[in-house]
Amino acid sequence: MDKNIRIAIIGGGPAGLSAGMYLEKKGYENYVIFERQDRVGGKCWSPHYNGRRYEMGAIMGVPSYYAVHDVEEFCGITHDGPKLNRNYKNANGDVIEPFARTLGNIIKNPWMLKMKGQLKKFGELLETKYKGYDVNGHRGVAEGRYDGYAVTPGREKIEGVNPNLKDLALPFKKFCEMNGVPLVQKIWIGPFTSFGYGYFDEIPAAYVLKYLDYQTCMNFVKVNLWTWKEGTQYIWEQLNAHLKNPARLNSTIDKVERKDGKVYVTVNGKVEEYDKIIVTAPLYIPNKRADGQKGMVEYFDARADELELFSKIDYERYDVQAFLTDPDKHPEISYYVFDNMEPEKLGHLMVYYRRWKDTVDQVITTYALRKHKNSKEIPYEECRQMVQDDLKIMHNPAKEVINEWSVYYFPHVFTEDYAAGWYDKVEAMQGKYDTYYAGEVMSFGDMDETAEYSRELVERFF
Ligand SMILES: Cc1cc2nc3c(=O)[nH]c(=O)nc-3n(C[C@H](O)[C@H](O)[C@H](O)COP(=O)(O)OP(=O)(O)OC[C@H]3O[C@@H](n4cnc5c(N)ncnc54)[C@H](O)[C@@H]3O)c2cc1C
């Protein structure tokens, strides 16, 4: 492709900014990143409180975040944040120890022995029966193929045929049961459901395992995790500052028209002409949102195939509240509440996060889901109150809520559409209308999968 082509990128989150970085690395410098908000980072949002930054969005990474590592290298920064740690409580607020940690406990506890056996078996199955399960993105999976880049620092291109991969379209619960390893859900659920990615009876195993491949999940178990002192937003602020063309903030895109091989973007009332466009902003939002975000099909001259495919996308209603406590009610550490990670406990507090060890004068954040595929959505205000009531039960009541948001979170499709080849149909549309689709839905809703997808998109098409 001609290196001088004019490329518009919609969205200044991890996907859009890293698309800019990888384009630049390949010699494309004629790109513009449009960001609707007055800041970059998207769901990596780290506001300030008392001279420090707390996390309203993304918090952590793992050592296999190779694309995030590319960004760190590009900017000369590193993951220098506070070490994460956590404990567990039941729904009554009692501290519990769900995983016996000492050998003595394992011998006494047959459940733990069974769990260890299933974990080992699961690791082996993923390596053999499901070879190729962990490459970034979903190309070929529904047809029993893998096609992508290995999760290694060198990201070697790998592809092959493996009909077993079709099982990944099944909900993760069914997938585990079918493979005789139902207990491993107890390990995967912590960094999945409480992190807002939905329930195991509704979400295809492909999403669970591409994000929480075996190694990544073990990094969570061992708390071998990265954080950033200035917050995850800092990564993307730094990237933005190092790009040749930093994002154009406060860009309201009124309209995008694609005709005669050109892309016309009406931004803040003025028409600009481009050759190609990369969309990292939401493709489809099934309802009206209070924050005014819209799916691209609403402001693009969307074609029938775009409308048809993108209307299958749903997302999680994931709510975050940031609160202060009285010093004597401050949690001594972050807590997971496994009891509340089941669909029957929709709307309840699943995890709360204390970021710094050294001071009680800091912000604590809470996390709850309020939509499950088969139940009625819980209204925002109701969920907000439920979480605050739960905090009282946990003996850490909120004194004051200082920030909150309901996130457009983890866009995805469900089993039927996944199995019917949704991803291969969308991949076949890449470039068709001089338009490329990237961002969370194309891989998975975490910083690294989205940045990595942008890397691959640039590698494949530019
Ligand atoms: C509470 C929470 C916890 C999380 N924890 C983690 C974690 O620990 N680790 C991790 O890796 N990930 C985590 N994530 C997920 C991670 O933040 C996202 O997956 C990642 O930010 C997605 O990047 P993106 O660029 O695809 O989308 P986004 O981050 O959503 O960025 C999209 C950008 O597009 C902009 N935009 C939208 N519409 C338009 C428009 N019409 N015109 C112009 N711009 C537009 C938005 O304002 C936004 O800046 C978390 C997210 C949340 C909310």
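The values are calculated or read from the model by the stated rules, or taken from the named source; none is laboratory data. Predicted model, so just to flag it, every value in this text is computed and none were measured. Here the Cβ positions follow ideal geometry from the backbone for every residue, glycine too, while neighbour counts run over all protein chains shown.
Within the range 114-126, can one find any residue that is touching a Ser or Thr at 6+ places or on another chain (Cβ under 9 Å) and modelled with pLDDT of 95 or more? Can you show your working first?
Step one: of the range 114-126, the residues touching a Ser or Thr at 6+ places or on another chain (Cβ under 9 Å) are none.
Within the range 114-126 (the criterion being touching a Ser or Thr at 6+ places or on another chain (Cβ under 9 Å) and modelled with pLDDT of 95 or more), the answer is no, since none of the residues qualifies.
Residues checked against (1) out of contact with any Asp or Glu (no Cβ under 8 Å at 6 or more places or on another chain); (2) under 20 Å from residue 293 (Cβ atoms); (3) in the same structural domain as residue 70 (by TED's automatic domain parsing):
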position: 407; (1), (2), (3): no, yes, no
position: 417; (1), (2), (3): yes, no, yes
position: 437; (1), (2), (3): yes, yes, yes
position: 445; (1), (2), (3): yes, yes, yes
position: 451; (1), (2), (3): no, no, yes
position: 455; (1), (2), (3): no, no, yes
Looking only at the range 170-202, count every residue that is touching a strand residue (DSSP E or B) at 6+ places or on another chain (Cβ under 8 Å) and within 16 Å of the ligand (Cβ to nearest atom) and tell me the total. 7
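For the range 86-97, indicate whether the set of residues that are within 16 Å of the ligand (Cβ to nearest atom), closer than 23 Å to residue 453 by Cα and touching a strand residue (DSSP E or B) at 6+ places or on another chain (Cβ under 9 Å) is non-empty. Outline the logic, then answer.
Here is the first cut: in the range 86-97, the residues within 16 Å of the ligand (Cβ to nearest atom) are 86.
If we keep only those that are closer than 23 Å to residue 453 by Cα as well, we get none.
For the range 86-97, residues within 16 Å of the ligand (Cβ to nearest atom), closer than 23 Å to residue 453 by Cα and touching a strand residue (DSSP E or B) at 6+ places or on another chain (Cβ under 9 Å): absent.
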With a cut-off of at least 2 residues that are out of contact with any Gly (no Cβ under 9 Å at 6 or more places or on another chain) and farther than 27 Å from residue 339 by Cα, name the helices (runs of 4 or more DSSP H) lying wholly within the range 358-429. 415-419, 422-429
I want to confirm something. Restricting to the range 1-22 and keeping residues that are over 23 Å from residue 270 (Cβ atoms) and away from the ligand (no atom under 12 Å from the Cβ), which single residue is modelled with the lowest pLDDT? 1
Across the range 324-338, what is the total count of residues that are surrounded by 19 or more Cβ atoms within 10 Å (Cβ to Cβ) and either within 23 Å of the chain's Cα centre (by Cα) or within 30 Å of residue 436 (Cα to Cα) (or both)? 4
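Within the range 261-280, can you find the residues that are among the basic types (Lys, Arg) and either closer than 15 Å to residue 301 by Cβ or surrounded by 15 or more Cβ atoms within 10 Å (Cβ to Cβ) (or both)?
In the first step, residues of the range 261-280 are kept if they are among the basic types (Lys, Arg); the result is 262, 270, 276.
Of everything in the range 261-280, those that are among the basic types (Lys, Arg) and either closer than 15 Å to residue 301 by Cβ or surrounded by 15 or more Cβ atoms within 10 Å (Cβ to Cβ) (or both) turn out to be 262, 276.
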Restricting the range 50-59 to residues that are within 11 Å of residue 356 (Cβ to Cβ) and more than 14 Å from the ligand (Cβ to nearest atom), which is farthest from the chain's Cα centre (by Cα)? 50
